[in-house]
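The values are calculated or read from the model by the stated rules, or taken from the named source; none is laboratory data. None of the values given here were measured: they were computed from a predicted structure. Virtual Cβ from ideal backbone geometry, glycine too; neighbours counted across all protein chains shown. Just the protein is used for accessible areas: all its heavy atoms, side chains included, with ligands, DNA and RNA removed. Shrake-Rupley method; radii C 1.70, N 1.55, O 1.52, S 1.80 Å.
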Amino acid sequence: PICSNGSVNCQLSLRELFDRVVKLSHLVHFLSSEIFNEFNEHYGQGRHFIARAVNSCHTSTLTTPEDKEQAQQIHHEDLLNLVLGMLRSWNDPLIHLASEVQRIKEAPDTILRKAVEIEEKNKRLLEGMEKIVGRINSGEVGNEIYSQWEGLPSLQLADEDSRLSAFYNLLHCFHRDSHKIDNYLKLLKCRLIHGSNC
Amino acid sequence: PPEKPTIIKCRSPEKETFTCWWKPGPDGGQPTNYTLLYSKEGEEQVYECPDYRTAGPNSCYFDKKHTSFWTIYNITVKATNEMGSNISDPHYVDVTYIVQPDPPVNVTLELKKTINRKPYLVLTWSPPPLADVRSGWLTLEYELRLKPEEGEEWETIFVGQQTQYKMFSLNPGKKYIVQIHCKPDHHGSWSEWTSEKYVQIPTDFRVKDM
Amino acid sequence: PPEKPTIIKCRSPEKETFTCWWKPGPDGGQPTNYTLLYSKEGEEQVYECPDYRTAGPNSCYFDKKHTSFWTIYNITVKATNEMGSNISDPHYVDVTYIVQPDPPVNVTLELKKTINRKPYLVLTWSPPPLADVRSGWLTLEYELRLKPEEGEEWETIFVGQQTQYKMFSLNPGKKYIVQIHCKPDHHGSWSEWTSEKYVQIPTDFRVKDM
C-alpha cells in the first residue's frame, strides 16, 4: 500500500511519473493522428491544404532536435524544458481549437469530442511535465521557452476555405509537435530511468 | 465526542475520476457531521471534498477536474457533533493504484468446428463501456474461469489483452459455467466477475481420434 | 529526350537513415544520366543526392547526417541525355512516415506447464538488430500470427511493445506455424513477417479432465 506508515517522503517516484507521462504523450499523439486524419478526410479532399500548411507552425521558432544524434546530445534538463515549452505553447491554441471547432458546419461529433479530449489530456500532460521538471531541476520550473500563438482570428474567418485551411494547419502542426514531444519523452525516460537501456 | 471514522475504500472505475467511502464511528446518538479533507503531496494547502452527493452517503466523489495522476492524496475524514470532533487516520491515494474497472460486457459463447470437424468453444467479450480502452488511456487484461456445473473447482485462464478465446479440450455432454473479469495492465485490481454464463457441450462433441 | 523518371519508393529501416529508389522512363536507347535533387521544408536551397552507390542502381542513400525528421523533403529526379532532359514529378517525404523496420530476430518457442500443470506455449523474440530501441529513439510494436499447419486462416494477435507472449488456447496434437512482424509505435509500416516457425503440440497437452 502507498505510504502505509505515513513516511515523510511519501511521493510518486520519478519512474512512476515518467511511466504516466509517456503513456499520456503516446495517447495525445494517437488522438492528434486520429483528429488530423479525420479532419483531412472530411474537409481536405482536393483542397491541397498541405501546400499552405508547410513551414507555418507557431512553434517553428523553437529549435528542436531533428534526428537521434541531436536529441541525444542535448542535456536532459534542456530537453525537458523544451518539451515543457512546447506543451505550454500549445495550451492556448488547443483551448480555442476545442471551442472554435464546434462552429464548423456539420463537423462530425467524433471530431468535436476528440478536440475536447486532446485539450484535456494535453493539459494533464503539461501538469505531469511541470511535476517532473520541478523534481529534476530541483524545484525550479523555468518558463522562458514559449511560443505565442496568434492564430485565433484565422479560425474565425468568414471565408470558409480560409477558415478550414487554418484549422488544417493547426491540426497538422499539433500532429507534428505531439509526435516530437512523445519521441523526446520516450528518449528521456530511457535515458533517465533505464540508463539508456530500454 | 464521536469516535473517529475510518476511510474504507477509494476506487476509480475508469482512471478518470475516483470516489472514497468512509464508515462513521460510534457517535453516541448525537447528530454528527462529516467533513472529508485532503492535501496533495508536497503541498501545504488543504482542500475539502468537492462533491459529497454523487456517490451516495458517507462518500466523496472527485470528478475529472479534481483528479490528478501526478500526486499522492492524503485524505482524512473529520466527525463533528456537539460533544466535539475526531479525525480518521490519514488515507493515502495514488489514483493509478485504485483503478478497479467494471466487469466486461457482451459475453458470447459459440460452439464451432475446425476444418477437420474438430469442435471447440469460442468465447468473446467487450471491455466495460466506461473504460476508454480504444485510445489506450486504459489498457485492460482479462482472465476467464470455467467449471462444470456440478464441479467444485474453477479453472482460471489468463488471456492477456485479447477479447476472444478458443477452448479446445471440453468434455462432451457436460454443462459448463463461464465468467470473465478484467484488470488494468499495470496497477489496480480485478473487476467483479461477469454474471454466470452456461454452455451445454453436446454429447457428439467427441474429439476426433487422431 | 528521355521520358521523365518516377520515384517509386522511399524507406527508412531504423529511423536514422533513408533511401529512395526511382524507375527510369524510356530513354530511346540513349545513355542517360540521373540526378536526384531535393530541398527541405522552409529552405530555398536545393541539394544533390549525397550517395548514389550504397543502395544500388537508381537509388539515393541519405546517411544520418543528411536525414532530418519532422520536416518535408521535396525530391525530384532528372533524366538527362544528348537529346535533352526531363524531371520527375516531385515526391514529398517526411522520414517519420516511411520507417519500415526489418523483421524481428531470435524467435523461440517453448512449451511449458503452469504450477497447476496447465500447459502453454511461450514465444520470445528480439527487435531487428538495426533498430535502436534501447535509447528510446525508436519504439517498436509487435504482432504475431499463428495457424494450424493445414489450417487456412491465420489468427493475428497484437502484443504491443512486449517481446514475449504466452499462448494458452492451443489444440492438443496439432502442429502450428508461427510468425511475427513489427512496426514503429505510431507511423511507418509493418516489417516483413519472420520466417515460419513450427511447433508440435503434444497430444497429452490436454487440459485436466474436469
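Quick notes
- Distant-in-sequence amide H partners of residue B:99 (H built 1.01 Å from N, under 5 Å): B:12, B:188, B:189
- Exposure rank, largest accessible area first [A:30, C:168; 1.4 Å]: A:30, C:168
- Distance from the Cα centroid of region C:78-114 to that of region B:1-77 is 55 Å (rounded to whole angstrom).
- By the Cβ-Cβ criterion of under 4.7 Å, the unpaired cysteines of chain B are B:182.
- Exposed loop sites are taken as trypsin sites (Lys or Arg not before Pro) in a DSSP loop (any state but H, G, I, E or B) with at most 12 other beta carbon atoms within 10 Å; the longest stretch of chain B without one runs B:135-205.
- Contact order relative to length of region A:84-183, as percent, for alpha carbon pairs under 8 angstrom and 6 or more apart: 36
- Neighbourhood net charge (12 Å Cβ-Cβ; Lys/Arg +1, Asp/Glu -1) for residue B:129: -2
- 3J(HN,Hα) couplings calculated from phi for region C:41-46 with the Karplus curve 6.51 cos²θ - 1.76 cosθ + 1.60 (θ = phi - 60°) are, in sequence order, 3, x, 10, 7, 4, 10 Hz; Gly and Pro show x.
- Counting only Cα atoms, region C:17-95 measures 40, 26, 16 Å along its principal axes, largest extent leading.
- Note on residue A:95: accessible area is roughly 70 Å² with a 1.4 Å probe, heavy atoms of protein only.
- Shape call, the protein assembly as shown: gyration tensor on alpha carbons, a/c limit 1.5: oblate
- For region A:175-189, putting each phi into the Karplus relation 6.51 cos²θ - 1.76 cosθ + 1.60 with θ = phi - 60° gives couplings of 4, 5, 5, 5, 6, 4, 4, 4, 5, 5, 5, 5, 5, 5, 5 Hz, in residue order, rounded to whole numbers and with x for Gly and Pro.
- For region A:148-163, putting each phi into the Karplus relation 6.51 cos²θ - 1.76 cosθ + 1.60 with θ = phi - 60° gives couplings of 5, 9, 10, x, 4, x, 5, 7, 10, 4, 6, 5, 4, 4, 5, 5 Hz, in residue order, rounded to whole numbers and with x for Gly and Pro.
- Counted charge near residue B:191, where neighbours are those whose Cβ lies closer than 14 Å (Asp, Glu -1; Lys, Arg +1): -2
- Build a GNM of chain A with springs between Cα atoms under 10 Å apart, and of A:156, A:70, A:11 the one that fluctuates most is A:11.
- Amide hydrogen proximity for residue C:159: with H placed 1.01 Å from N in the peptide plane, the residues at 5 or more positions away or on another chain lying under 5 Å are C:142, C:143, C:144.
- Comparing B:152, B:41, B:196 in a Gaussian network model of chain B, where Cα atoms under 10 Å apart are tied by springs, the biggest mean-square fluctuation is seen for B:152.
- Long pairs among C:23/C:183; A:68/A:123; A:68/A:114; A:68/C:15, criterion Cα-Cα beyond 20 Å: C:23/C:183; A:68/A:123; A:68/A:114
- Cα gyration tensor category, rounded, prolate or oblate, for region C:1-134 with a/c compared to 1.5: prolate
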